[in-house]
Amino acid sequence: MKWMDSIFERSARTVAQRHGRRSALGRIGKALVGAAALPLLPVDRLAHAAGPAAAAKLPAGINDETSCEYWKHCAIDGFLCACCGGSSTSCPPGTSSSPITWIGTCLNPTDGRNYIVSYNDCCGTTTCGHCMCNRNERERPMYKMSLNNDINWCMASQPSTYVCSVSVLLGVHEQ
């Protein structure tokens, strides 16, 4: 075993003579910065998008408007109006739709097309409290307000109490 110790000692001394501690620390720092920047690189997720071929094995609730998994609810944040006396496209009786909304783009798994969806808050005197959903697919930061779902859009209405949210199709997203 003495021969193994002498090989390792000789190689360690050779490395120590050729390279200083500062260069080793510099290399370690570069590796750490590079590893930290790796998640910031752009990723093409188009290959993982569900196309028409995936429509055969749809998850439960994908076409149920009272489910958070309903395909039009991909960017919704709030109570579903379909559970509060309305539907996925209309406010419950006694409430009114907020004049300002946020928008999202949702993939319909049955036909493989992306649809532009307007999310409207319904405003009234009491909140609903049923079927809370918080899905944030493709949500943008707060500085892009029309694409952010964390705002009480009823602030522009009278009464200004949030009741629930509906999802209205605006059209097909053409690329």
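Computed from the coordinates by the stated procedures, all read-outs in this text should not be read as laboratory data. Since the structure is predicted, the reported quantities are computational estimates derived from the model, not experimental observations. Note that each Cβ is placed from the backbone with ideal geometry, even for glycine, and that neighbours are counted across all protein chains shown.
Some points to look at:
- If you plug the beta carbon distance of residue 17 and residue 37 into 1/(1 + (r/R0)^6) with R0 = 35 Å, you get a FRET efficiency near 0.60.
- Peptide packing: for 13-20, 105-112, 77-84, the average count of neighbouring Cβ atoms within 10 Å per residue gives the ranking 77-84, 105-112, 13-20, highest mean first.
- Sorted peptide list for 28-35, 85-92, criterion being average Cβ within 10 angstrom, highest first: 85-92, 28-35
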